[in-house]
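Asker: The structure's right below; bear with me while I get my questions together.
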Amino acid sequence: FPSEAASEVEAALDLSTGDIVWESPARGLLFRGKEAAGENYRRMFSSFRVEEFRVLQRFATEERVVDDSVATVVLAGDGVENAPAPVGSKVEIRLLHVFEMREGKISRELVFENWRVIEPAVSQLPHLAGASLVSPQHPAH
């Protein structure tokens with residue numbers, strides 16, 4: 001998967017203008033330029049283990065592309081900046097992308113995200129948080 005994700009990132013960047021602006025208001029992120037957007041993509045996708053991806057609807061005009069989709073992922077790393085769920089969580093993310101186009105390339109990518117935790121990270125489960133694997137009544141030998 002990492003090599004596939006890397007090639008997909010590079011392919012996506014080939015579709016972008018050099019001065020692309022990438023923004024995720026929900027996570028307070030704004031990246032300017034292909035290099036900054038690419039680094040964000042690489043960090044983000046290397047931290048996702050994608051279980052399912054569904055496109056709900058997509059439409060395009062000369063100047064805009066709108067993509068509404070749902071991704072089910074496990075946060076497998078800490079490269080998702082300002083993620084609203086901890087590493088180890090399985091989440092469903094509703095994604096609404098609005099792409100602004102210039103001369104057939106993406107000049108702006110606006111990403112609206114709604115995160116829902118499906119399975120919390122083990123460290124976030126109340127009965128396991130801070131629990132020891134060694135019982136005080138039966139110490140390890």
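Asker: Please sort by residue number the GluC sites (Glu not before Pro) in the range 53-127 whose DSSP state is loop and whose Cβ has at most 11 other Cβ atoms within 10 Å.
Answerer: Sites meeting the loop and neighbour criteria: 62, 63, 103.
Asker: Normalised by the number of residues in the range 4-106, what is the relative contact order in percent for Cα pairs under 8 Å and 6+ residues apart?
Answerer: Relative contact order, the range 4-106: 24 percent.
Asker: Please compute the per residue accessible area over the range 1-124 with all protein chains in place, 1.4 Å probe, rounded to a whole number of Å².
Answerer: 57 Å²
Asker: Considering only protein heavy atoms and a probe of 1.4 Å, how much of the accessible area of the range 1-104 is carbon and sulfur, as a whole percent?
Answerer: Looking at the range 1-104 in its full context, I get 51 percent from C and S.
Asker: In square nanometres, what is the average projected area of the Cα convex hull of the range 21-60?
Answerer: 4.1 nm²
Asker: Using bins 5 angstrom wide from zero, how does P(r) for the range 1-72 break down, in % of all Cα pairs?
Answerer: Over the range 1-72, the share of Cα pairs per 5 Å bin runs 3, 13, 19, 25, 27, 11, 1 percent.
Asker: Another question about this same structure. Testing the spin-label approximation: label points 7 Å from Cα along Cα→Cβ at residue 116 and residue 62. State their distance in nm.
Answerer: Using points 7 Å along Cα→Cβ, the separation is 3.9 nm.
The values are calculated or read from the model by the stated rules, or taken from the named source; none is laboratory data. Since the structure is predicted, the reported quantities are computational estimates derived from the model, not experimental observations. Cβ atoms come from the backbone with ideal geometry, glycine included; neighbour counts cover every protein chain shown. Note: accessible area is taken over every heavy atom of the protein model, side chains too, but ligands, DNA and RNA are not part of it. Shrake-Rupley method; radii C 1.70, N 1.55, O 1.52, S 1.80 Å.
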